[in-house]
1. For every helix of n ≥ 4 consecutive DSSP H residues, a contribution of -39,500 (n - 2.57) applies; sum these over the chain, divide by its total residues, and give [θ] at 222 nm rounded to the nearest 500 deg cm²/dmol.
2. Taking amide H positions as placed in the peptide plane 1.01 Å from N, state which residues far from Glu155 in sequence (5 or more) or on other chains have amide H under 5 Å from it.
3. Just the number, please: percent antiparallel of the DSSP beta bridges in the stretch 132-228, rounded to the nearest 5.
4. So, for the chain, what is the accessible surface per residue at a probe of 1.4 Å, expressed in square angstrom?
5. With springs only between Cα atoms under 10 Å apart, run a GNM on the chain and tell me which of Ala116, Ala85, Ala205 wobbles the most.
6. What is the mean projected area of the alpha carbon convex hull for the stretch 235-308, to one decimal in square nanometres?
7. So which trypsin sites (Lys or Arg not before Pro) in the stretch 263-327 pass both tests, a DSSP loop state and at most 11 other Cβ atoms within 10 Å of the Cβ?
8. Can you flag which of Lys162/Lys329; Lys162/Lys292; Lys287/Lys321; Lys124/Lys287 are past 27 Å Cα-Cα?
Amino acid sequence: MFIHRVVLSACAGLAALAAATTMSSAALAAKYQLNINTALTTDDPIYKGLERLRDRMKERSNGEFEIRIFSGSQLGKDEDVLEQARAGANVAVVVDGGRLAVFVPEFGVLGGPFLASGYDGVRKVVTSPLFDAWAQKLRKASGHEVLSFNWWQGERHLLTNKPVSKPADLAGVRMRTPGAPVWIETIRAMGATPTPMAWAEVYPALQQQAIDAVEAQTPAAYGARLYEVTKHMTKTGHINLITGLVTSAGWFGGLPADMQTALKEEALAAGDFASRTTEEAIGTYEKDMAAKGVTITEIDVTPFREATADVYGKLGYAELKKTIDEMLK
């Protein structure tokens, strides 16, 4: 019996050693690693784009570049991951311009109301020389590197428990929104009471009536199962949500030049893939939400457009908005 146990123990030890050796070999095979954080679920088109980026970088680098994706904000809130990146960590995050505006104010305009129409419109802005200048300022101001900023998540709409057709219908409605000033001012101008809150807290907050409503893009609303805790989706399209993949400039600068080029090229291609997938998926999500009991309403958004027109001036973006309007003509 004793000999049998010794043999078993030896076998177990050899198995563990073999496993450790295999893991070490795998770790050694990848010279470079990037950990990407997103608040979205694995079913979201943006996540599918990140998977494409992961696979393309592995293929293009012959296995030397590994990307790990963390859904549901497993690495922390966006702001926390941005701080990790500032410190030089090998992390990246899918983030909107509002969260970068604390470092470079110009980024905030990307979250402005009715800025551009659809993905094609807003893509012109984030692939322009104007945007490239902002990205350079960000690198110097905060130590962040923009890999690409063409990750379109859709136009944001209102999800409520009562019908909405005009700004007056939102009086007294506590509506969740991200904490960036441009988002808060937009929702306030639309008539609601802006309530900043982490995305992960939205479902229970609606369930417990800590908030009355939320504004969100269709894929995220569907992925978070908000059709279970809201009854109406009013298609205002008030914010055209474009996000970017942002990492550490220090870490990025330490990569070989060819790897830097590959990562930026593939991030742009993956962003386009994710955005086109989002375009294709929105109709399906809306049909499923309607089948689950949500009333989806198209309205004349003119009253909301007029109500939010002063947001740009209030936040100091009036001239920048004119420049972007000219670009989009």
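The values are calculated or read from the model by the stated rules, or taken from the named source; none is laboratory data. Small disclaimer: the values here were computed from a predicted structure and weren't measured. Here the Cβ is made from the backbone with ideal geometry for all residues, glycine too, and neighbour counts use every protein chain on show. The protein model used for the area step is the full one, side chains on, heavy atoms only, and it has no ligands, DNA or RNA in it. Shrake-Rupley method; radii C 1.70, N 1.55, O 1.52, S 1.80 Å.
1. -15000 deg cm²/dmol
2. Thr218, Leu241
3. In the stretch 132-228, approximately 40 percent of DSSP beta bridges are antiparallel ones.
4. 45 Å²
5. Ala205
6. The number I arrive at for the stretch 235-308 is 7.7 nm².
7. Here the trypsin sites (Lys or Arg not before Pro) that fit, given the DSSP loop and packing criteria, are Lys292.
8. Pairs exceeding the cut-off: Lys162/Lys329; Lys287/Lys321; Lys124/Lys287.
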